[in-house]
Amino acid sequence: MPPSAAGIAEPGLVIGARYRLEEKIGAGGMSSIWVALDLVSQSRVAVKVMVKPEAGRTDLVERFRREAEVAKKFRGPPFVAILDHGEHDGTPYIVMQLLDGENLQQRLARREALEIGEVQVLLEDVASGLRVAHRLGVIHRDLKPANLFFARLPERLRSRREEVVKILDFGIARSDAYADRLTKAGHIVGSLYYMSPEQARADGEVDARSDVWQVGAILYRCLTGRRPFEGSPGEVLRRVAREDVAPPSTVKPDLPRAFDPFFARALARSPVDRYQSIDELVAGFRDAAKLVSGTRPAVRAPSPDGPPPLPTAAPRTSEAPPTVVYARLSSPGTMPPPAAALDRADARAPVDARARFETPPTVPAYFSVDRLPSQRPSPWASECEDRKRRSDWFLASVLGLTMIALVAIVVLAVSFTR
């Protein structure tokens with residue numbers, strides 16, 4: 001790259017004699033990302049160009065080159081396709097497919113939190129990508145909302161769903177394919193608010209369980225609206241390494257407590273106490289979601305103007321009474337789709353296509369689709385359970401005493417006959 005540019009790309013610059021930079025769409029401490037025109041295919045692509053590092057920082061150049069080599073291994077919907085890579089006047093660049101959509105950080109900036117069904121779809125997509133990466137010996141180490149992208153699918157592929165989550169930026173990934181490590185003990189790598197405890201302690205060697213922790217931290221942010229630890233950088237580093245994460249139900253009271261044990265394990269400080277793989281994390285989330293699926297009527301949420309008035313008494317007619325339709329899960333552990341996705345063909349929890357969710361006039365406004373079932377048993381249910389236990393204990397005691405009495409009678413009868 002021309003010395004006058006100091007290693008920084010500019011609009012109109014042609015990279016690799018093929019890609020003309022048009023508009024910058026992202027930038028970081030190590031690189032900038034541009035929309036570029038491929039002069040050969042006349043299609044638009046994304047070009048990631050490295051910012052010229054400080055003198056002597058050859059490790060950054062090597063890391064950038066390795067990112068391209070690592071990312072080239074991955075194929076499929078969870079990953080961004082690497083189209084080309086090379087150097088332009090000594091500055092590395094990577095050419096990727098241009099995505100249409102938004103990242104998770106941008107989505108969370110518009111919405112405080114996501115619905116449980118949306119979070120499960122997100123987790124399934126991320127897990128499908130990490131499953132491949134971990135099998136190839138690649139640890140991402142920098143999973144965060146900004147690196148998860150909701151890419152809109154082409155029109156021809158939207159029969160089942162409209163978007164897919166892609167994992168971005170393998171810039172600080174650790175790969176078993178390279179014997180020499182660019183990250184040494186005592187060096188902290190990762191994003192502050194989503195790094196695992198072992199990263200915060202600068203242990204040096206991390207494994208797939210570090211990615212598991214980061215995914216758990218992302219899910220925590222999606223469901224509660226808050227990151228696991230907040231504060232200044234120094235305070236966050238100390239808390240990540242030494243403190244346990246607050247149960248999500250204490251952060252967001254309307255979140256069912258069934259998720260508390262899930263996050264206690266997903267965000268355990270010791271890797272030994274954590275879910276040992278991304279598949280275990282997915283299974284744990286499914287189990288927690290199954291506990292809160294409930295059987296309440298799946299009815300349309302009341303309008304902002306308030307619930308409709310209850311009907312007054314009227315004479316009977318021959319018309320059929322209104323019917324409350326219940327959404328039943330297709331299989332255990334499957335989450336019901338969010339309200340906005342009930343009519344979509346790609347919903348993860350299929351509902352009978354003939355079902356139409358109408359609000360019966362006699363159903364209270366409390367039973368709406370945006371309310372989650374309570375995980376706290378009612379006093380009546382607790383009292384019934386207590387009575388059942390006392391009854392079982394009483395019957396067992398009577399049976400035991402009866403058996404003792406029969407044995408005593410037999411023993412006495414034998415003694416008298418002698």
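Semi-axes of the equivalent ellipsoid of the stretch 193-293 are 22, 17, 9 Å, computed as sqrt(5λ) over the eigenvalues of the C-alpha gyration tensor in descending order.
Rounded to the nearest 20 debye, the dipole size of the stretch 101-291 about its Cα centre is 200 debye, using +1 on the Cβ of Lys and Arg and -1 on the Cβ of Asp and Glu. List the pairs from K144/K252; K252/K290; K72/K290; K144/K290; K252/K388 whose alpha-carbon separation is above 28 Å, in the order I gave them. As for pairs spanning more than 28 Å Cα to Cα, those are K72/K290; K252/K388. Simple spin-label estimate for L399 and K72 gives 7.2 nm between the two label positions (7 Å along the Cα-to-Cβ direction from each Cα).
Values quoted throughout were computed directly from the atomic coordinates according to the rules given, and no laboratory measurement underlies them. Model, not experiment: these values are computed from the prediction. Note: ideal-geometry Cβ built from the backbone for every residue, glycine included; neighbour counts use all protein chains shown.
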